[in-house]
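Only one structure is covered here, and it is reproduced in the block below.
The values are calculated or read from the model by the stated rules, or taken from the named source; none is laboratory data. Just so it is clear, the model here is predicted, and its values are computed rather than measured. With ideal geometry, Cβ positions are generated from the backbone for all residues, glycine too; neighbour counts draw on all protein chains shown. Areas reflect the complete protein model, heavy atoms only, side chains present, ligands, DNA and RNA absent. Shrake-Rupley method; radii C 1.70, N 1.55, O 1.52, S 1.80 Å.
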Amino acid sequence: NRRKKETALNRHVEECKKAVITRRFEQISIDGLAEAVGISREYLQKLFKQYEGMSLTEYITDKKLEAACNMLVFSGRKISEIADQLHFGSVSHFSLVFKRKKGLSPKEYRQKHQRTVY
């Protein structure tokens, strides 16, 4: 019976993760995610940390940065456009978060991973 309960609780986390990926180009609020999966904000944050080992905020940031990395490598978009499209608030905030997580600035990341088109 306890096993069933854990699986049911984990379902909320999985739905939340799908919602984050779907909404990665939108302004994401934890309240909105909690409403989408049908539980309270506090409970969602607790479950997420329990099952994923990281905060929901950190997960959202990671998914947005994955999208940013792809755009830096595979598109010619300006860094400011990428920051804006992913709702980071400002280029400086985007650059700070990016460098903290990836160890390189967005510009350095783009240069290091640039694809040559033939």
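The order of Thr22, Thr57 by accessible area, most exposed first and with a 1.4 Å probe, is Thr22, Thr57.
Any chance you could list the semi-axes, whole Å, largest first, of the equivalent ellipsoid that the Cα gyration tensor gives for region 6-118, using √(5λ)? Kindly include the intermediate steps, with their values, before the conclusion.
Values: eigenvalues 179, 35, 32 Å².
Over the Cα atoms of region 6-118, the ellipsoid semi-axes are 30, 13, 13 Å.
Before anything else, pin down the relative contact order of region 38-118: Cα pairs under 8 Å, at least 6 apart, normalised by residue count, whole percent.
Working: 47 pairs, mean separation 17.6, N = 81.
It rounds to 22 percent for region 38-118.
Look at where the Cα atoms of region 78-118 and of region 44-77 average out, and the two centres are 14 Å apart. Computed from backbone phi with θ = phi - 60° and the Karplus coefficients 6.51, -1.76 and 1.60, the 3J(HN,Hα) list for region 19-35 is 5, 4, 5, 4, 9, 4, 9, 10, 6, 9, 10, 5, 4, x, 5, 4, 5 Hz; x is used for glycine and proline.
Largest first, the residues Glu35, Glu15, Glu81 sort by 1.4 Å accessible area into Glu35, Glu81, Glu15. Across region 70-78, computed HN-Hα scalar couplings (Karplus, 6.51 cos²θ - 1.76 cosθ + 1.60, θ = phi - 60°) run 4, 5, 5, 7, 9, 10, x, 4, 5 Hz from first to last residue, x flagging Gly and Pro. A Förster radius of 25 Å combined with the Cβ-Cβ distance from Val73 to Ser29 puts the calculated FRET efficiency at roughly 0.30.
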